[in-house]
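Scroll down for the structure; my scribbles are underneath it.
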Amino acid sequence: MENVLTGQKVASARSRDELLSGASRFIILSEIVFPFLLLILGVALGLLQVLARAGVLKDSHYFGWIEYYQGLTLHGVINAIVFTTYIIVAFSNALMVSVLKRPLKMGVQWVSWAMMLVGTLMAAFAMLTGRANVLYTFYPPLIAHWTFYVGTVLFVVGSIIPFFLDWIPNYRAWKRENPSARMPLAVLGTFVNFTLWFVMLVPVAIEILFQLLPLSLGLVDEVNSLLARTLFWFFGHPLVYFWLLPAYVMLYTMLPKIVGGKLYSDPAARLAFMLFLIFSVPVGLHHQYTEGGLSANFKLLHAFLTFMVALPSFITAFTVAASLEYGARQQGGRGLFGWWAKLPYFSTKGDQWLFSYFVAGLLLFLFGGITGIINASYNMNMVVHNTSFVSGHFHTTVGGLVTLSFLGISLYLIAKLRGSEVAFKKLAVAMPYLWLVGFFIFDAAKSVVGIMGAPRRTNMGLSYADSASPLYQPDWVVWNHLTMLGGIIAVVGFVLYMVSFFGTLFAKRVNEPSTEMPIAEALHDNPAPVLSNFRPWLIAMVVLIAIAYTQPLIEAFRVTEKSPAYKENMPVPLKMMQGGQ
Amino acid sequence: MVDRFEKRAIVVALTLVLSFFVLLVYAAKGLGADLPTCLPDAKPFKQGELIQLGDKRYQLNAVAKMWNFEPNEIRIPAGSTVDIYLVSTDVMHGFHVNNTLVNLMAIPNVVNYTRVKFDKPGTYDVICHEYCGVFHQNMVGKIIVE
């Protein structure tokens with residue numbers, strides 16, 4: 001057998017069981033099902049939030065149960081950290097088996113699996129018991145219970161272990177068997193992504209282990225909040241590319257195959273991934289434009305680098321559109337725009353149902369890209385910073401393309417790994433379009449009301465959206481209600497997805513279990529060797545990070561007066577509360 | 001290598017983002033719509049107050065704390081120019097004067113600064129837009145321009 005993408009012989013005399021043991025199927029399946037169960041809670045809390053922000057629910061707690069900001073913390077941590085990271089690890093595991101044709105290293109996988117599980121349970125304990133109402137950015141000097149911090153560290157460290165101890169060794173072994181082949185594109189994208197993951201975890205690990213955990217345990221009394229915030233965003237913005245790149249891997253490798261075509265350009269795809277490697281990290285100050293303590297000139301530099309990291313997304317937009325056009329023309333599409341009609345929007349044939357997830361995600365991401373460039377635009381950020389414009393934006397990026405492609409691939413992998421067919425395919429195909437319409441309305445309404453001044457992360461049902469409150473903002477009402485409408489439409493889509501998800505999970509086995517992925521060959525091939533060689537790009541990344549972050553970190557270190565820890569319900573330091581008891 | 005259509009797409013994208021960047025640099029340095037910066041000599045203060053510096057010239061030392069601003073309401077004549085210094089004395093807060101470009105983070109022990117001119121009379125809400133605890137949604141100040 002020959003791999004059409006790379007031309008190398010696949011050394012797979014291995015039997016199916018050797019490649020994909022029952023235990024490795026369990027690992028990957030549980031890395032999808034467990035976070036999905038949590039995601040149901042995360043989505044439900046999202047629905048309650050739009051109701052509260054529209055003034056339909058006017059209480060500090062939802063039905064006496066979960067407090068608003070506790071629910072917001074759970075919504076952010078589950079949806080944006082736990083669900084995303086789990087699916088990225090599960091997808092990457094399956095992808096490595098599928099592309100490299102080598103079994104997972106089970107010892108490594110069990111360690112990773114256990115760390116992620118224990119970490120999730122610890123953080124869930126802290127959040128569900130109200131010990132970590134700090135939102136998913138956990139800015140000090142608000143402080144959470146130590147289990148929240150230890151759980152987070154265990155979780156993220158567990159998620160990176162397979163990269164170093166499973167995938168890299170497996171790739172090296174593959175390379176020895178295929179010395180003349182270049183690194184497959186799917187592997188390159190995954191390795192770029194996990195290299196970024198490793199680099200961005202360093203600053204947040206320093207923040208948690210040296211600042212927040214000691215403060216939470218009472219080992220130190222004070223914290224430098226600006227430094228913590230700067231370290232957080234050193235991690236927090238590259239994080240969005242950690243979510244995004246697996247979706248790009250799917251768009252480059254799977255989507256062209258699904259529409260019956262080819263990847264338009266393999267070199268362009270590699271260039272895009274390498275540009276992400278160098279530009280993803282030194283951009284975090286664009287979350288800190290409006291604060292003092294950091295030089296405006298370095299904010300400007302980060303603005304410039306943020307525009308540079310938009311470049312690989314522009315390249316991706318072109319390459320994906322060109323691949324779709326090529327595929328549609330292969331299917332008989334004609335004319336300047338006529339080929340659009342030849343794409344399988346509603347097809348349930350074979351794997352084509354996945355197309356709906358990608359195309360709806362891409363359409364949302366168009367808006368996400370535009371609003372993202374607005375957010376990044378230095379002085380324009382003063383109009384929108386911390387308003388609901390921002391939360392509108394990221395519900396079309398991480399909540400749009402990322403979530404839709406992750407839900408699509410989850411359903412795909414559940415079916416493949418169990419050897420079942422996707423159940424209720426029509427519901428599964430309808431879901432992304434409901435999500436698209438819902439989040440389009442949601443983002444549009446949040447953008448408008450954000451420009452009018454509505455803050456993000458605020459229980460507006462108790463003030464701005466409550467007609468009985470002196471803080472009532474009547475001009476915002478219609479937009480808050482539209483946001484709610486959009487949220488409800490998206491959740492209806494999610495319910496359809498759940499039917500298909502559980503139907504597929506419990507459907508009977510009709511095929512051999514596998515991790516087989518549809519992987520397209522390239523129309524334009526022959527990338528320059530530098531596009532498959534990490535070294536020069538890694539050097540450029542380190543140099544750029546050093547230039548962009550040395551001075552801001554020195555400035556943050558210079559803050560000499562530090563802050564004691566606070567809990568969210570008392571306007572005096574935690575120490576004073578404990579001293580008074 | 002990268003084919004010619006792909007090259008064109010890259011050139012167009014690069015031109016687009018670079019022109020965005022040139023425009024925002026012009027807005028910042030040419031039109032003066034610049035961001036807050038590092039003020040290494042500014043001492044964090046604990047007391048909020050409005051100080052009149054001259055005719056229609058004010059300095060506002062604003063303190064953000066759980067869960068109000070100090071001073072929480074100020075009155076100034078239309079046409080006033082205000083130097084706003086902002087600090088938090090407990091956790092992170094926000095300071096967003098609606099319908100203006102004043103949008104600042106209040107970080108403990110870090111002084112933030114901007115200057116703004118209020119031409120239009122009216123009541124401007126100052127909204128805390130960073131989560132700061134259970135009463136965050138009620139943290140609103142007022143600037144009344146007469």
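Return the residues of region A:29-43 that are among the small types (Gly, Ala, Ser) and surrounded by 18 or more Cβ atoms within 10 Å (Cβ to Cβ); say none if nothing qualifies. Correct list: A:Gly42 only. Residues that are within 8 Å of chain A (Cβ to nearest Cβ) and out of contact with any helix residue (DSSP H, G or I) (no Cβ under 9 Å at 6 or more places or on another chain) within region B:43-66 comprise B:Pro44, B:Lys65, listed in sequence order.
Of all residues in region A:120-147, which are part of a helix (DSSP H, G or I) and surrounded by 23 or more Cβ atoms within 10 Å (Cβ to Cβ)? Scanning region A:120-147 gives A:Thr120, A:Ala123, A:Ala126, A:Met127.
Residues of region A:164-174 that are of a type outside the set (Asp, Glu) and either in contact with a Ser or Thr (Cβ under 8 Å, 6 or more places away or on another chain) or touching a residue at least 60 places away in the same chain (Cβ under 8 Å) (or both): A:Leu165, A:Trp167, A:Pro169, A:Asn170, A:Tyr171, A:Ala173, A:Trp174. Of the residues that make up region A:293-309, is at least one free of Cβ contacts under 8 Å to residues at least 24 places away in the same chain, touching a helix residue (DSSP H, G or I) at 6+ places or on another chain (Cβ under 7 Å) and in a loop (DSSP other than H, G, I, E, B)? No; the residues of region A:293-309 include none that is free of Cβ contacts under 8 Å to residues at least 24 places away in the same chain, touching a helix residue (DSSP H, G or I) at 6+ places or on another chain (Cβ under 7 Å) and in a loop (DSSP other than H, G, I, E, B). Exactly one residue out of A:Ile168, A:Ile161 is assigned by TED's automatic domain parsing to the domain that holds A:Leu100, over 20 Å from A:Ile278 (Cα atoms) and surrounded by fewer than 16 Cβ atoms within 10 Å (Cβ to Cβ), and it is A:Ile168.
A quick yes/no check of all residues on (1) in a helix (DSSP H, G or I); (2) under 14 Å from A:Phe440 (Cα atoms):
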{"site": "A:Trp339", "(1), (2)": "yes, no"}
{"site": "A:Phe346", "(1), (2)": "no, no"}
{"site": "A:Gly372", "(1), (2)": "yes, no"}
{"site": "A:Met380", "(1), (2)": "yes, no"}
{"site": "A:His395", "(1), (2)": "yes, yes"}
{"site": "A:Lys416", "(1), (2)": "yes, no"}
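Which residues, taken from region A:161-202, are under 20 Å from the mean Cα position of the chain (by Cα) and of a type in the set (Gly, Ala, Ser)? Within region A:161-202, A:Ala186, A:Gly189 qualify. Within region A:325-333, can one find any residue that is touching a strand residue (DSSP E or B) at 6+ places or on another chain (Cβ under 7 Å), within 26 Å of A:Leu245 (Cβ to Cβ), in contact (Cβ under 8 Å) with a residue 24 or more places away in the chain and assigned to a helix (DSSP H, G or I)? The answer is yes, given that some residue of region A:325-333 is touching a strand residue (DSSP E or B) at 6+ places or on another chain (Cβ under 7 Å), within 26 Å of A:Leu245 (Cβ to Cβ), in contact (Cβ under 8 Å) with a residue 24 or more places away in the chain and assigned to a helix (DSSP H, G or I).
Looking only at region B:100-143, residues that are outside any strand (DSSP E or B), over 16 Å from B:Val82 (Cβ atoms) and within 7 Å of chain A (Cβ to nearest Cβ) come to 9 in all.
If a residue counts only when it is touching a strand residue (DSSP E or B) at 6+ places or on another chain (Cβ under 9 Å), in contact (Cβ under 8 Å) with a residue 40 or more places away in the chain and over 28 Å from A:Leu354 (Cα atoms), which helices (runs of 4 or more DSSP H) contained entirely in region A:202-259 have at least 1 such residues? Because the criterion is at least 1 residues that are touching a strand residue (DSSP E or B) at 6+ places or on another chain (Cβ under 9 Å), in contact (Cβ under 8 Å) with a residue 40 or more places away in the chain and over 28 Å from A:Leu354 (Cα atoms), the helices (runs of 4 or more DSSP H) in region A:202-259 that meet it are A:213-217, A:225-236. Residue-level check: of (1) surrounded by fewer than 23 Cβ atoms within 10 Å (Cβ to Cβ); (2) assigned to a helix (DSSP H, G or I); (3) not assigned by TED's automatic domain parsing to the domain that holds A:Phe502, A:Ala360 misses just (1).
The values are calculated or read from the model by the stated rules, or taken from the named source; none is laboratory data. From a predicted model like this one, the values you see are computed outputs, not experimental measurements. As a convention, Cβ positions derive from the backbone with ideal geometry for all residues, glycine included, and neighbour counts pool all protein chains shown.
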